[in-house]
Structure formats: structure tokens, C-alpha cells
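The values are calculated or read from the model by the stated rules, or taken from the named source; none is laboratory data. It should be emphasised that the depicted structure is a prediction, and the values quoted were computed from it without experimental measurement. No Cβ is skipped: glycine too gets one built from the backbone with ideal geometry, and neighbour counts run over all protein chains shown. Keep in mind that these areas ignore ligands, DNA and RNA; they rest on the heavy atoms of the full protein, side chains included. Shrake-Rupley method; radii C 1.70, N 1.55, O 1.52, S 1.80 Å.
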Amino acid sequence: RQGQGGGGDGGSTASDSPSTGEDVYLTISTSASTSGLYTFYASIPDAVATVYPHIHITAMEGSGANSSNQAVSDGSAQIGAASSLANYNNYHGLDIFTEADPTIRTFINCQPSPVVMAVSVESGITNYSELDGQRICPGSTGSSTTTIFQSLADGLGIEPDWRPASGPDSLDAFSDRQNVGIGKSCSGNYDSLIVQMNASHPTDILSMTDEELNILIDAFPMMSEWVIPAGSYDFVDHDVTT
């Protein structure tokens, strides 16, 4: 049914049939497998099947909120991992979405997803202005995370050497010291990719100033301030404002 399960022309949904109804087949576009959210999205098919055995959901790995929004809009999935930014942009036809899709819907709000920049301690980088000229992965190619950090850099008047890449590729580059940091939309206050970064070499997470927060909130009014408490990661001993 158009507009349900994340939007798009998805056919029947769970609400169309009782638990003993005819078989229904759906696809969910998940986050990337390197994300801490992947397990959640990949578990949805089995969880739904335990209650509605006639509803068959196939998990299809995506690369992030933008790709999942596109999958829902083009009909290759009926449900998708998403962020408030990607949903907003898809609905209004902004950023990478060349056409507005007014059928897209936020189906379930799961949790806050703090957008952070994690950097190597040995780089000496302690604030966002110091990213100027540095080799940085702002997020996956075409992702909303990449858009956010590129907009922040524009607002600060700095020019990092952006190296967008998938989660595994960005992690390999960080481990090999080919980049000094990775931008990430996190699965709550704790994200597995950042833990893997620190396992490679000591990692810190940058905190935003009021000026930096205002740049982003002005550009993306659907976003808001978030604080990750000190100790959420055992290697980050300060609050992270983002």
C-alpha cells in the first residue's frame, strides 16, 4: 500500500491481512553490515515471522539511509533503514534526491542516531577546524552523513581532503593510516565501527562548538543537539556534543 512501511508502492502490508492471512512478501533495505544498526534491521524478518508467519520479509543490505530511501522510492524495497535527514530530503526532493517523493513515510522511530567524526589520536586533531587539508572519510559515498560533514566544512570555510568510502573500505584506510578519521551516523551512543577503529589504533571523537552546531541546525532544521556522555566508549573520557 502506497505510503506504508517507509513509502513507495510496496503492495500489501502486515495491516492488510490477519495473522492467518495469505502469504505476503516484502523486502527491507538494511543499513550497511558494518553498522551497529545492521543486526537490528536484519533481525526484523525473523521477529515479524514469529508473530505473522505468513509475512515473509527479505533483508537486502544497503549502504545507509539515502540508499534505503532510494530503494523504497523505486520499489525495490518496501521498508528501509533511514534517518530523519534522508527522509526529509527524499520527501522534498533535496540533496541527492532529484525528485520529491511525497509517498515516503517514517514508519517507526527507533532511536537517536548521533552523527560524529572519529579521528586518530596520533593525528593531533582536537577540533573540526583542524580537519582542514586532512584526508578524511566523511561517510559513505552519497550518504546523508557525507552531506552533513561537507556542509559543516563549507560553513567553517575549511577544505578537508574528502575520501568518501563504504564502511569496510574506510576502516581499512584508517587502519593503514591512509585517512585520519571517519564520519559516522551512530547506532545510539555506541557504535561498532568506532570500536573497530580504536582496535586498530587509538581513536577519539570530536565535540562540536556552539558555532558548529548552529551551522548544521541552520542547514538541517530536522536535526538537533545531542550529547554522548563521557565513558560511553571506554577510550573517550569527555562528553561529545554533536
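Annotations
- Answer label for volume of the Cα convex hull per residue in Å³ (calculated), chosen among (i) 114; (ii) 159; (iii) 221: (i)
- Global form of region 141-193, assessed from the alpha-carbon gyration tensor, a/c cut-off 1.5: oblate
- Helix 210-219 and the longest principal axis of the C-alpha atoms of the chain enclose an angle of approximately 40°.
- Largest-first ordering by accessible area, 1.4 Å probe, given options Asp234, Asp172: Asp234, Asp172
- Based on DSSP H segments of at least four residues, each scored -39500 (n - 2.57), the chain has a per-residue ellipticity at 222 nm of -9000 deg cm²/dmol.
- Gyration tensor (alpha-carbon) shape descriptor, region 128-238, a/c threshold 1.5: oblate
- 20 Å reach of a label modelled at His201, 7 Å along Cα-to-Cβ, counting backbone N of region 116-142: 117-128, 130-139
- In degrees, nearest ten, helix 38-51 long axis to first principal axis of the chain (Cα): 20
- Principal-axis tilt of helix 144-156 within the chain, Cα atoms, nearest 10 degrees: 30
- Each DSSP beta bridge with both residues in the chain is either parallel or antiparallel, and the antiparallel ones are about 45%.
- Accessible surface area normalised per residue over the chain is 47 Å², counting heavy atoms of protein chains with a 1.4 Å rolling probe.
- Coil-residue chymotrypsin sites (Phe, Trp or Tyr not before Pro) of region 106-197, DSSP, other Cβ within 10 Å capped at 14: Tyr190
- 10 Å Cβ shell holding at most 16 others, DSSP loop, GluC sites (Glu not before Pro): longest site-free stretch of the chain: 100-224
- Nonlocal amide H pairs with His56, under 5 Å, H built at 1.01 Å: Val24, Tyr25, Leu26
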